[in-house]
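Take a look at the structure below.
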Amino acid sequence: INELKDRVAGYEELLKLKDEEIEQLKSVNKELFTENRSLKNKQNQLSDSINRLSSTKEELATKVAIASQLKAENVSVKAVNSKGKERESPFKNRQLEKLKVEFNLAENNVAPIEGKKILIRVIDENGQVIFDVSKGSGTFMLNGREEFYTAAQEILFDNTRQKLVYYYEKGSDYASGDYTIEIYTDGYKMGSAQFSVK
């Protein structure tokens, strides 16, 4: 009986030790659970920060792209007759042997110094572009569609407010009405002007 009592006492002591060990493990488990939850929260915060930084970076890239777009300023359209005399709009067909379009590229400190293809489109009242491939006209992509342009020049944009001059000789009379000149580069519009033919 004494031997059994000793054994039971030993088991009771062992159970107490195991209970203490279980309590310690529960405490460690609780700490680890709290730490794990804290780490997950930090990871979520970091993911949110990375997402915000990515979207901010995209916004800034978009803003820089918009800011670096070139603008045409002081756009003027004149008719040049066979003797080289220039007239302001409205024009008569006999005064309009060549159409002269001139403008300056506005100063832009964000735009890189690089080669650019500057296009002009002469558009009639019905929205039709006047073009003649044998006289330098062609096509370009605009809003995902292939469109015609009337004339083009390859230039080196160097941010010196350079002046561009285009001459376009249609070879036939212009229908009377209002016309629009649109100026493009890299798929965006830089400026426009209007003229009329009587």
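The values are calculated or read from the model by the stated rules, or taken from the named source; none is laboratory data. Just so it is clear, the structure is predicted and the values come from calculations on it, not from any experiment. Cβ atoms come from the backbone with ideal geometry, glycine included; neighbour counts cover every protein chain shown. Side chains included, ligands, DNA and RNA excluded: accessible areas come from the protein's heavy atoms. Shrake-Rupley method; radii C 1.70, N 1.55, O 1.52, S 1.80 Å.
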Neighbours of Glu169 by Cβ distance under 13 Å: Lys/Arg at +1, Asp/Glu at -1, summed charge +1
If I model the range 92-159 as equal point scatterers sitting on the Cα atoms and use the Debye formula, what is log10 I(q)/I(0) at q = 0.16 Å⁻¹?
-0.73
Residues of type lysines that Lys63 reaches as a straight line, Cα spacing below 21 Å, ignoring anything fewer than 8 places off in the same chain
Lys71, Lys116, Lys189
Tilt of helix 2-67 relative to the longest C-alpha principal axis of the chain, in degrees (0 to 90, nearest 10)?
10 degrees
Principal axis dimensions, largest first and in whole angstrom, of the range 1-80 by Cα
130, 12, 8
Can you work out the base-10 log of I(q)/I(0) for the range 115-198 at q = 0.12, 0.16, 0.17 1/Å, using the Debye formula on its C-alpha atoms alone?
-0.36, -0.64, -0.72
Solvent-accessible surface (1.4 angstrom probe) belonging to Thr160, in square angstrom, nearest 10:
90 Å²
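Tally Lys and Arg at +1 and Asp and Glu at -1 over the other residues with C-beta under 10 Å from the C-beta of Asn74: what net charge comes out? Kindly include the intermediate steps, with their values, before the conclusion.
Values: positive: Arg161, Lys163; negative: Glu73, Glu102.
In short, 0.
Grab the eigenvalues of the alpha-carbon gyration tensor for the chain, scale each by 5, take roots, and send me the semi-axes largest first in whole angstrom.
Values: eigenvalues 1376, 51, 28 Å².
The three semi-axes for the chain are 83, 16, 12 Å.
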